[in-house]
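> Let me give you the structure first, and then I'll get to my questions.
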Amino acid sequence: MKIAFVGKGGSGKTTLSSLFIRHLAATGAPVIAVDADINQHLGPALGLDEAEAAALPALGERLPLIKEYLRGTNPRIASAEEMIKTTPPGEGSRLLRVREDNPVYDACARPVELDGDVVRLMVTGSFTEADLGVACYHSKTGAVELCLNHLVDGRDEYVVVDMTAGSDSFASGMFTRFDMTFLVAEPTRKGVSVYRQYKEYARDFGVALKVVGNKVQGQDDLDFLRAEVGDDLLVTVGHSDWVRALEKGQPPRFALLEDVNRRALHRLRTAVDATYDLRDAERYTQQMAHFHLKNARSWGNERTGADLAAQIDPSFVLGESAVPAASV
């Protein structure tokens, strides 16, 4: 199951995504955590110190390896250099599974222990001074999109992505890659403005979107959110002494998280798991092709010197049944 956490900067989406990751790991579920935000804070939110977080390998710096592995023996892709962030898999492509070991995870993922449970953490890499004026952060998050396009996940397997803030998620088709998108919103006008924007952009793509109200302090805050987002409001979260201790670098055992917040996390997982039977592999694959064609026409063909539309395999559908067809 693929889950995105989105919201405006400072809304608390990284904190909530890290709590959800801890919640899943505590149940024994396999989890891949991905920090796709321009501000790389997921590692520290999962308990890494600054040195450990800085030492994490950046997906954006390992694109050649990722492309070469995922290309496999796909005859529609002449070389790794002709792959872009939206390149879809086809017959002969290598697909990623949550539970497996592979060269992409070996190079880009690192285990993080959470009270005895272990998750895999992958990060896009930070936006550095060397990137200023010459690079776009979407080129870094493109590695995440390429991996998601080649990922096959099953029931009770989880990939949790802390997305870049605001509406930057719509710079590509990555916003359609998730079974559930949780939009973290504070009970303020600015807090719900990102929700309206996201709802408008995503409405034609069947995106499952639920709002998590954060920093809710009373009935007035709750009433405000209900009035602004209606039935999309799934759950609210208030003050947490556990989170405050985490932010001070002194996280207690996760088992000590407040019961009300534990119940909120359980509701998030229930909402995610309910989407499994609603999956539409053909629509998912068609959306991938749709955004690949848009990117090919707008910049990809010119940059690679190839007709990237030819990379689309019309007979290939990405889903759990596609795994035996992929090269190993």
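> Any idea which of Arg303, Arg269, Arg279, Arg297 is over 25 Å from the mean Cα position of the chain (by Cα) and in contact (Cβ under 8 Å) with a residue 60 or more places away in the chain? So that I can check it myself, show each step before the final result.
Values: Arg269 fails: over 25 Å from the mean Cα position of the chain (by Cα); Arg279 fails: over 25 Å from the mean Cα position of the chain (by Cα); Arg297 fails: in contact (Cβ under 8 Å) with a residue 60 or more places away in the chain.
On inspection, the qualifying residue turns out to be Arg303.
> Among the residues of the range 239-266, how many are closer than 27 Å to Asp156 by Cα, part of a loop (DSSP other than H, G, I, E, B) and either open to solvent by less than 100 Å² (accessible area, probe 1.4 Å) or touching a His at 6+ places or on another chain (Cβ under 8 Å) (or both)?
Counting residues in the range 239-266 that are closer than 27 Å to Asp156 by Cα, part of a loop (DSSP other than H, G, I, E, B) and either open to solvent by less than 100 Å² (accessible area, probe 1.4 Å) or touching a His at 6+ places or on another chain (Cβ under 8 Å) (or both) gives 4.
> Could you check how many residues of the range 24-51 are crowded, with 21+ Cβ neighbours inside 10 Å and either out of contact with any Ser or Thr (no Cβ under 7 Å at 6 or more places or on another chain) or of a type in the set (Ser, Thr, Tyr) (or both)?
Total meeting the criteria: 7.
> Same structure, new question: Yes or no: Gln217 closer than 20 Å to Gly10 by Cβ, surrounded by 13 or more Cβ atoms within 10 Å (Cβ to Cβ) and modelled with pLDDT under 95?
no
> Please state which one of Arg71, Arg94, Arg99 is in contact (Cβ under 8 Å) with a residue 24 or more places away in the chain and in contact with a Ser or Thr (Cβ under 8 Å, 6 or more places away or on another chain).
The conditions single out Arg94.
> Being open to solvent by 40 Å² or more (accessible area, probe 1.4 Å), among the aliphatic types (A, V, I, L, M) and touching a strand residue (DSSP E or B) at 6+ places or on another chain (Cβ under 7 Å), is that true of even one residue in the range 312-320?
Checked the range 312-320: no residue is open to solvent by 40 Å² or more (accessible area, probe 1.4 Å), among the aliphatic types (A, V, I, L, M) and touching a strand residue (DSSP E or B) at 6+ places or on another chain (Cβ under 7 Å).
> In addition: Based on what the data block shows, is Ala51 among the small types (Gly, Ala, Ser) and modelled with pLDDT of 95 or more?
no
> Something else: Checking the condition modelled with pLDDT under 95, open to solvent by 20 Å² or more (accessible area, probe 1.4 Å) and under 20 Å from the mean Cα position of the chain (by Cα), which residue from Lys199, Lys210 passes?
Result: Lys199 is the single residue among Lys199, Lys210 that is modelled with pLDDT under 95, open to solvent by 20 Å² or more (accessible area, probe 1.4 Å) and under 20 Å from the mean Cα position of the chain (by Cα).
> Among the listed residues Phe170, Phe182, Phe178, Phe205, which satisfies the condition of being among the hydrophobic types (A, V, I, L, M, F, W, C) and open to solvent by less than 10 Å² (accessible area, probe 1.4 Å)?
Residue meeting the stated conditions: Phe182.
> Tell me, yes or no, whether the range 289-297 has at least one residue that is loosely packed, with under 14 Cβ neighbours inside 10 Å and either at positive phi or among the charged types (D, E, K, R) (or both).
yes
> Also, I was wondering about something else. Residues that are out of contact with any Asp or Glu (no Cβ under 9 Å at 6 or more places or on another chain), small (Gly, Ala, Ser) and more than 23 Å from Ala296 (Cα to Cα): does the range 94-109 have at least one?
yes
> Take the conditions more than 30 Å from Gly90 (Cβ to Cβ), assigned to a helix (DSSP H, G or I) and either touching a His at 6+ places or on another chain (Cβ under 9 Å) or in contact (Cβ under 8 Å) with a residue 24 or more places away in the chain (or both) and apply them to His290. Does it pass?
Answer is no for this residue.
> In the range 72-116, what residues are assigned to a strand (DSSP E or B) and either open to solvent by less than 50 Å² (accessible area, probe 1.4 Å) or under 17 Å from Val144 (Cβ atoms) (or both)?
Residues satisfying the conditions are Leu96, Arg97, Arg110, Val112, Leu114.
> Tell me, please, whether a residue that is basic (Lys, Arg) and modelled with pLDDT under 95 can be found in the range 137-152.
yes
> Continuing with the same structure: Determine which single condition Gly60 fails, assuming it passes every other condition in (1) in a loop (DSSP other than H, G, I, E, B); (2) open to solvent by 10 Å² or more (accessible area, probe 1.4 Å).
(1)
> Which residue pairs have Cβ atoms closer than 7 Å, lie 6 or more positions apart in sequence or on different chains, and pair a first residue in the range 217-245 that is more than 29 Å from Pro44 (Cα to Cα) with a second residue that is open to solvent by 30 Å² or more (accessible area, probe 1.4 Å) and among the basic types (Lys, Arg)?
Filtered contacts from the range 217-245: Asp232/Lys210.
> Continuing with this model, one more query. Which members of the range 293-313 meet the condition of being outside any helix (DSSP H, G or I), in contact with a Lys or Arg (Cβ under 9 Å, 6 or more places away or on another chain) and of a type in the set (A, V, I, L, M)?
The answer is Ile312, and nothing else.
The values are calculated or read from the model by the stated rules, or taken from the named source; none is laboratory data. Please read all numbers here as calculations on a predicted model, not as lab measurements. Don't worry about glycine lacking a Cβ; one is built from the backbone with ideal geometry, like all the others, and counts go over all protein chains shown. To get the accessible areas, we keep the full protein, side chains included, count just its heavy atoms, and leave off ligands, DNA and RNA. Shrake-Rupley method; radii C 1.70, N 1.55, O 1.52, S 1.80 Å.
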